[in-house]
Amino acid sequence: MELCAEMRKRYPTSKNKSLSPAQIRGAEARYLMNTYRRPPVVFTHGRGCRLYDSQGREYLDFLGGIAVNALGHAHPRLLRVIRREAGRAIHLSNLFHNPYQAPLAGKLVKWSGLDRVFFTNSGTEAVDGALKLSRAYANRKSQNQGGGKKTRILALENSFHGRTFGALSITHPAKYREPFAPLVPGVEFVRLNDLADLEAKFDDTVGALVVETIQGEGGIYPISDAFWRRARELATQHDAALIADEIQCGLGRTGRYFAYQKFESKPDIVTIAKPLAGGLPLGAIIANEQFASAFVPGMHGTTFGGGPLICATALEFLTVVEESNLLVNIRKRSAELRHGLEKLATRFDFIREVRGEGLILGIDLTIDGSPIVSQALRNGLVINCTHEHILRLLPPFIIRGMDVAEFLAKFEKTLKQTSKLGAATKIKTETPAQPMVLAATR
């Protein structure tokens, strides 16, 4: 009660008066834990691929809530489902059936080519659950067939899998891991796309290999075909789980339902989240029957994963992607975007490389990217920077050709302004096989 009174006194509101941007920032500084560095802008609403701030300024959103808002903001079909289901049942315990979990799971099975689904609250929870599933499978095999324990987990250098204890344990950068050590034991990291290193570290003690099909927070680095193929062979040979983390690159982002579908073989387990429910919190573990069967009632669960409102919304999201032929749109807009970026790379010598596929693209720089991100925001363009030097683009699937043209014009203007201001600072970059990593959320 005292806290509420203090809030009303310090930050008065009424039906006709909301908190000012300065009051919002002040309240956050007073009451939130100190975990994010945010620019001063306060976004209040969005529509399509546009965001609007508290001063009424419009922004072209090419970050999409970090790959979450795949249908943009306030999509009418998602809004219709959310309003309908909010009037029916927002939450039902997983002790009972609801109308939408099974249809949603069925569509994810169809998209993925795998067999069974478990719903979670978030991507990091999905990763932890996938690790549990692989360990349950390995333990069951040891108990039934004997043999040594399969307790080692392989992950990749430059990886980012989340902030919970298990996901953090397979996240590579020391600056994330060390404040929380000791973490889950038995984790070893393999150099990205290094077949010799993978082969040297893979043996019968390995229970799981976890890879991001395209490393997102790591700077938009894809897994090579040769590395994926060898990973699949070794996982099969040693009866270990090949786990694909597609939380950022999956569910259509590359112009395919899943990024791994460019390869000839499938993973055993896939983790997804971000765009799955169009902005509402939902993740999932998808697995083949061999590994999915390791879970039995009571072994794993969740309170909020798979509620009726969220599952209905996710089902609508997937349906919109199908019915609106958005995979085709993603591929078309990607080609336009890459063509424009590669032309800019010939004019600005600090652009080292453009990489990625679909609508997950990275612009690798030889300079610090943060001034470019700040100037872009002043120009009404929302992007972000990973690794200090890699600009990341994750626009909504619904962008049009005119949106790409607008982005390229604003981005070129931003690059010119940043260069003239002398804000571009040369930085030391590492090779693509061992790039630097920056903070991320999941």
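The values are calculated or read from the model by the stated rules, or taken from the named source; none is laboratory data. Just so we're clear, the structure is a prediction, and the values are computed from it rather than from any experiment. When we count neighbours, we look across all protein chains shown, and the Cβ atoms used for this are built from the backbone with ideal geometry, even at glycine. Accessible surface areas use protein heavy atoms only, side chains included; no ligands, DNA or RNA. Shrake-Rupley method; radii C 1.70, N 1.55, O 1.52, S 1.80 Å.
The condition (being on the phi > 0 side of the Ramachandran plot and of a type in the set (Gly, Ala, Ser)) is satisfied by just one residue among Gly340, Gly306: Gly306. Filtering Glu58, Glu125 for residues that are buried (at least 21 other Cβ atoms within 10 Å of the Cβ), in contact (Cβ under 8 Å) with a residue 60 or more places away in the chain and charged (D, E, K, R) leaves a single hit, Glu125.
The single condition from (1) without any contact (Cβ under 8 Å) to a residue 60 or more places away in the chain; (2) surrounded by 24 or more Cβ atoms within 10 Å (Cβ to Cβ) that Ala208 fails is (1). So which residues in region 174-201 are among the β-branched types (Val, Ile, Thr) and open to solvent by 50 Å² or more (accessible area, probe 1.4 Å), if there are any at all? Listed by number, the list holds a single entry, Val184. It is to be established whether one or more residues within region 201-208 are outside any strand (DSSP E or B), over 22 Å from the mean Cα position of the chain (by Cα), at pLDDT 95 or above and among the hydroxyl-bearing types (Ser, Thr, Tyr). There is at least one residue in region 201-208 that is outside any strand (DSSP E or B), over 22 Å from the mean Cα position of the chain (by Cα), at pLDDT 95 or above and among the hydroxyl-bearing types (Ser, Thr, Tyr).
Consider region 345-377 and keep the residues that are closer than 18 Å to Leu60 by Cβ and open to solvent by 10 Å² or more (accessible area, probe 1.4 Å). The one that is nearest to the chain's Cα centre (by Cα) is Val373.
Number of residues in region 114-156 that are farther than 18 Å from Ala235 by Cα and not in a helix (DSSP H, G or I): the value is 9. Of the residues making up region 314-334, those that are under 14 Å from Phe407 (Cβ atoms) and out of contact with any helix residue (DSSP H, G or I) (no Cβ under 7 Å at 6 or more places or on another chain) number 1. Of all residues in region 255-267, count the ones that are assigned to a loop (DSSP other than H, G, I, E, B), more than 14 Å from Ala284 (Cβ to Cβ) and open to solvent by 10 Å² or more (accessible area, probe 1.4 Å). Total satisfying the criteria: 5. Every test in (1) assigned to a helix (DSSP H, G or I); (2) free of Cβ contacts under 8 Å to residues at least 40 places away in the same chain; (3) of a type outside the set (Val, Ile, Thr) is passed by Leu341 save one, and that test is (2). If you check Phe160, Phe227 for being part of a loop (DSSP other than H, G, I, E, B) and either open to solvent by less than 10 Å² (accessible area, probe 1.4 Å) or modelled with pLDDT under 95 (or both), only one passes: Phe160.
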